[in-house]
Amino acid sequence: MISINISKRLNGSFGEMHLQFQCAVEHGLVTALFGPSGAGKTTVLKIMAGLLMPDSGRIKCKDDVWLDTQRKVFKIPQQRNIGFVFQDSALFPHMNVKKNIMYAVGRDGESKDVDELIEMLELNELLTMYPANLSGGQKQRVALARALARKPDLLLLDEPLSSLDKLARYHLQEQILAIQRRYQITTVLVSHDIAEVSRMANQVVKLDAGTITATGTPLQVFGLPGMSAKFRAIGEVLTIDKEDMVYVVSVFLNNDIIKIVALEDDVRDMKAGDTVLVSSKAFNPMISVINK
């Protein structure tokens with residue numbers, strides 16, 4: 001487990017903000033930091049990584065204290081054994097894909113697990129290519145492989161999929177989840193995408209203006225704790241079309257587009273782009289907007 005208790009005053013676009021963050025990140029699970037832009041999510045990640053110093057606080061990973069401002073303990077990023085994937089892949093432009101990945105391993109590193117990562121992330125065909133010739137999704141896969149190659153105690157993901165289209169994002173989510181489960185990597189994900197958080201995270205910490213406003217499972221945090229169903233999945237509304245006495249809602253769900261018949265009351269406050277929960281009980285599909 002990683003325990004975090006930090007405090008820092010920030011000057012954001014809305015004026016001064018006091019970030020106060022206390023959380024336990026469970027070993028081997030995915031914890032998502034969710035909230036609007038400027039809420040303090042990326043700042044928390046940078047403090048966890050050792051890229052930013054808080055005003056006060058303590059961070060402990062297993063039995064290793066990374067930060068303790070009272071005792072004047074501050075371990076630099078290289079001493080924290082973390083993997084960090086940014087919105088921008090931040091690859092070395094003068095190195096090909098293979099060298100970018102192996103840079104994180106170092107001379108004494110083992111290549112067996114790296115070969116497995118390359119296989120899982122479908123990078124074998126790209127190893128001799130340079131970042132300038134890669135697509136956005138390919139760059140992020142390389143960045144992820146580089147972050148994981150050093151076998152980190154903690155993987156930090158700062159909206160690494162935000163610039164990708166839906167299909168590329170879904171595919172990379174699948175790959176991240178497969179790797180996370182294979183290696184049981186403790187992961188903290190920053191995202192503003194409810195569908196992504198609901199799909200990937202075991203625990204959600206909701207931040208607003210530097211303050212934690214909710215914690216729990218995705219369904220608890222997003223306001224749907226009591227819904228019982230045999231099937232539940234989260235998707236995005238594409239279109240809402242009226243046909244006779246009913247409405248047909250097209251939803252992008254699990255890399256596919258499905259159509260759900262709904263009544264006027266169901267779609268009254270619904271619009272294209274909304275994140276929705278699709279559930280089914282005894283073959284009766286239901287659709288409802290998720291609270292943000």
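Read-outs throughout are calculated quantities, based only on the coordinates presented, and are distinct from any laboratory measurement. All values derive from a computational prediction rather than experimental measurement. Cβ: placed from backbone, ideal geometry, glycine included. Neighbour counts: every protein chain shown.
Add +1 for every Lys or Arg and -1 for every Asp or Glu among the other residues with Cβ under 12 Å from the Cβ of V44, and state the total. Value of the local net charge: +2.
Note on segment 2-221: the alpha carbon radius of gyration divided by the globular reference 2.2 N^0.38 Å gives 1.01.
L155: net charge of surrounding residues, Cβ under 13 Å, Lys/Arg +1, Asp/Glu -1, itself excluded? Provide the component values of the computation, followed by the final result.
Details: positive: R80, R146, R150, K151, R181, R182; negative: D153, D158.
Net charge around L155: +4.
If R0 is 22 Å, the Cβ-Cβ spacing of Y103 and L177 corresponds to a FRET efficiency of close to 0.30.
Within segment 41-60, what residues put their amide N at less than 14 Å from the label point 7 Å along the Cα-to-Cβ vector of Q20? So the set is 56-57.
Nothing charged except the Cβ atoms of Lys and Arg (+1) and of Asp and Glu (-1): what's the magnitude of the dipole of segment 231-289 about its Cα centre? Round to the nearest 20 debye.
On the way: 6 positive and 10 negative charges, 43 e Å.
Computed charge dipole of segment 231-289: roughly 200 debye.
Summarising the label geometry, the points placed 7 Å from Cα in the beta-carbon direction at Q78 and D113 lie 2.0 nm from one another.
Only beta bridges with both residues in the chain are counted; by DSSP, about 75 percent of them are antiparallel.
Only Cα sites of segment 231-289 enter the Debye sum here, all with the same form factor; the resulting log10 I(q)/I(0) across q = 0.19, 0.24, 0.29 1/Å is -0.59, -0.96, -1.36, listed in q order. Charge tally for V142 (other residues, Cβ to Cβ under 15 Å; Lys, Arg +1; Asp, Glu -1): +1.
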